[in-house]
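The values are calculated or read from the model by the stated rules, or taken from the named source; none is laboratory data. Quantities reported herein were computed from a predicted structural model and do not represent experimental measurements. With ideal geometry, Cβ positions are generated from the backbone for all residues, glycine too; neighbour counts draw on all protein chains shown.
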Amino acid sequence: MANELKTDRALDKNLRPLKVGDEATAPIELATDKIRVSENATFTKDLTIEGDLKIEGSTGDIAMTNGTKIQSSDIAGFISVEALGLAIYGSTYEGDNDTTDNDAQLTLVPATGMDAKVNFYDASSIKWTIGNDASASDELKFDADNVTVGANTKMTLTDGGDLSTAGTILSGWHGSTTRIKFFPHQFVEHEAANARNFALVEDDVAGKLGVRVSNTSAILFTWVEIPTGYTATVARCYADTGSNLDVQFYSTDIDDGDITDIGSGDASAEVNITDVASTSTNSIIVMLTFANTTTEFYGGYITITES
């Protein structure tokens, strides 16, 4: 006769072992309102749970394929996910029988007066915290090297749209972080030029515009500002015949006008100037000397890097 499944007595609310034959112990215990399995169990079909799922143990792991795992954390009230990423697919959600109108949303809801935040780590070291500072008029703050919103704030965005930073916003020159351009219309003439010696827009060649001088004594100058947080390293001017346009570069200060030679060459190639880091008072002077009155100047640039 096959072994029978049996319990010692009728089921009630106390767990009783479900034995096979005369086994002294059993991995399954039954009661009228619960079942306990004390060994590993394998289900080859779907498992439907109509009540709550309660997981107890030292870690409370839910292990999935490929090593992914959901588990309780050493920090009270936290859970952790061991995985390479977390994806929310609103595009395939079918709970409302319509996958075409679903957003994908992540919501953080703290208690009243508490912060909603996200922490970013490098291994075990905290690097950034981004969060809403409930104690500071609900400002969005970016904090470095701290898990607390507002503890080491580097950037703040108010609900009015105002943005402030602890450092410099490195926006470069008109959004460029590598180059400052300068143009012919920014230049003025040297004092040696008289009323008949000046810069002219040359348009004799169809489809081309440049600037030339009416006399070679009309040396041209411009002042170029270096964006805050950047250093000027290289300069270049362009002309139709580069060797006929000599270029000289100086650093200068607005508070005294003193100049320092930082490099020279001609408009046929870049000039590797002495590095000039931006200060609250300095700039770079570009000086152009024309070999003749037919050479046309088109403009130039100064290369910049973050200081």
Considering every residue within the range 237-256, establish whether at least one is of a type in the set (A, V, I, L, M), in a loop (DSSP other than H, G, I, E, B), in contact with a helix residue (DSSP H, G or I) (Cβ under 8 Å, 6 or more places away or on another chain) and at pLDDT 95 or above.
no
The correct count of residues that are closer than 20 Å to GLU270 by Cβ, of a type in the set (A, V, I, L, M, F, W, C) and assigned to a loop (DSSP other than H, G, I, E, B) in the range 214-236 is 1
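Of everything in the range 257-273 that's of a type in the set (S, T, N, Q) and part of a strand (DSSP E or B), which residue is surrounded by the fewest Cβ atoms within 10 Å (Cβ to Cβ)?
Our first condition is that a residue be of a type in the set (S, T, N, Q); within the range 257-273, this holds for 260, 264, 268, 272.
Retained after the next criterion (residues that are part of a strand (DSSP E or B)): 260, 264.
Details: THR260: 13, SER264: 15.
For the range 257-273, the residue satisfying everything is THR260.
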Result of the Cβ filter at 9 Å on the range 45-74, keeping first residues that are over 28 Å from ASP33 (Cα atoms) and free of Cβ contacts under 8 Å to residues at least 40 places away in the same chain and partners that are among the aliphatic types (A, V, I, L, M) and outside any loop (DSSP other than H, G, I, E, B), at least 6 apart or interchain, is MET64/ILE70; THR68/VAL81; LYS69/ILE62; LYS69/ALA63; LYS69/VAL81; SER73/ILE79
Counting only residues that are part of a loop (DSSP other than H, G, I, E, B) and not hydroxyl-bearing (Ser, Thr, Tyr), the range 25-70 contains a total of 24
Note on ALA166: of the conditions (1) in contact with a Gly (Cβ under 9 Å, 6 or more places away or on another chain); (2) within 30 Å of ILE284 (Cα to Cα), unmet is (1)
